[in-house]
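Contents: one structure, followed by commentary.
The values are calculated or read from the model by the stated rules, or taken from the named source; none is laboratory data. Note that this is a predicted model, so its numbers are computed, not measured. Every residue, glycine as well, gets a Cβ built from its backbone with ideal geometry; the counts of neighbours run over all protein chains shown. Heads up: the accessible areas ignore ligands, DNA and RNA and are worked out on the full protein's heavy atoms, side chains in. Shrake-Rupley method; radii C 1.70, N 1.55, O 1.52, S 1.80 Å.
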Amino acid sequence: MKASFLIFIITDIFLLATTATTGLLVVEADGYPRHFLLGLLAAFFTCLIHIVLFMYFTVQQKIVAQAIQAGDLDISFGERLQRFKSRAIKLSMLGIVAIILTSSLGATIEIGVPAEVHLLMAFLAIFANAFIFYFQFDLLDNYGGFFTEAFGE
């Protein structure tokens, strides 16, 4: 999962940076459709990555719960995994909210929100998601040690 997640992270940061660059190049209506479509793609892809991470921990929780029910694991492993899953959802929601806020501000430019507000939020969202991705990757790394301890693999 770590390798796949790393590929997702690199792709998303590149996509977000490309979207920001096309936004900086928009003059009047020239270049707006490209930026708009890239923005939609970037928003959906970023949200997808955060959802994939959370669902990964949801599936892992099911695996651990079945092992506990079968008597192969101590119940304390389920409690520890719940903390991993809780942290994953908190980090994921932060990233999703940042992207949705950025997209919403971009959508309201035509009704009076200054483009600079959207620009500032876009760069904040890119940096916020980069930091969130770092902590999510660290969470996956720590989970690898937990899984090895629980299942010996």
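So which pairs qualify, if the first residue must be in the range 20-47 and under 19 Å from Val117 (Cα atoms), the second must be small (Gly, Ala, Ser) and not in a helix (DSSP H, G or I), the Cβ gap must be under 7 Å, and the two must be at least 6 apart or on different chains?
So the pair list comes out as Thr22/Gly31; Leu25/Gly31.
Quick one: which of Ala125, Ala67, Ala88 is more than 16 Å from Ala43 (Cβ to Cβ), in a helix (DSSP H, G or I) and in contact (Cβ under 8 Å) with a residue 60 or more places away in the chain?
None of the other options fit; the residue is Ala67.
Filtering the range 93-108 down to residues that are open to solvent by 60 Å² or more (accessible area, probe 1.4 Å) and not small (Gly, Ala, Ser), which residue is farthest from the chain's Cα centre (by Cα)?
Out of the qualifying residues, it is Leu101.
So, in the range 123-142, of the ones that are among the small types (Gly, Ala, Ser) and open to solvent by 20 Å² or more (accessible area, probe 1.4 Å), which residue ends up nearest to Leu6 (Cα to Cα)?
Per the criteria, the residue is Ala130.
Sort out which residues of the range 48-57 are of a type outside the set (A, V, I, L, M) and open to solvent by 40 Å² or more (accessible area, probe 1.4 Å), and write them in order of number.
Answer for the range 48-57, where residues must be of a type outside the set (A, V, I, L, M) and open to solvent by 40 Å² or more (accessible area, probe 1.4 Å): Phe54, Tyr56.
If a residue must be part of a helix (DSSP H, G or I), among the charged types (D, E, K, R) and either over 20 Å from Tyr134 (Cα atoms) or in contact with a strand residue (DSSP E or B) (Cβ under 9 Å, 6 or more places away or on another chain) (or both), how many such residues does the range 70-85 contain? I'd like the intermediate steps shown before the answer.
First, pick out the residues of the range 70-85 that are part of a helix (DSSP H, G or I): 75-85.
So of that shortlist, the ones also among the charged types (D, E, K, R) come out as 79-80, 83, 85.
Checking which are either over 20 Å from Tyr134 (Cα atoms) or in contact with a strand residue (DSSP E or B) (Cβ under 9 Å, 6 or more places away or on another chain) (or both) leaves us with 79-80.
Looking only at that region, the number is 2.
Count, please, the residues in the range 17-47 that happen to be surrounded by fewer than 16 Cβ atoms within 10 Å (Cβ to Cβ), under 15 Å from the mean Cα position of the chain (by Cα) and among the polar types (S, T, N, Q).
Number of matching residues: 0.
If you scan the range 143-153, which residues turn out to be hydroxyl-bearing (Ser, Thr, Tyr) and open to solvent by less than 20 Å² (accessible area, probe 1.4 Å)?
The one that is hydroxyl-bearing (Ser, Thr, Tyr) and open to solvent by less than 20 Å² (accessible area, probe 1.4 Å): Tyr143.
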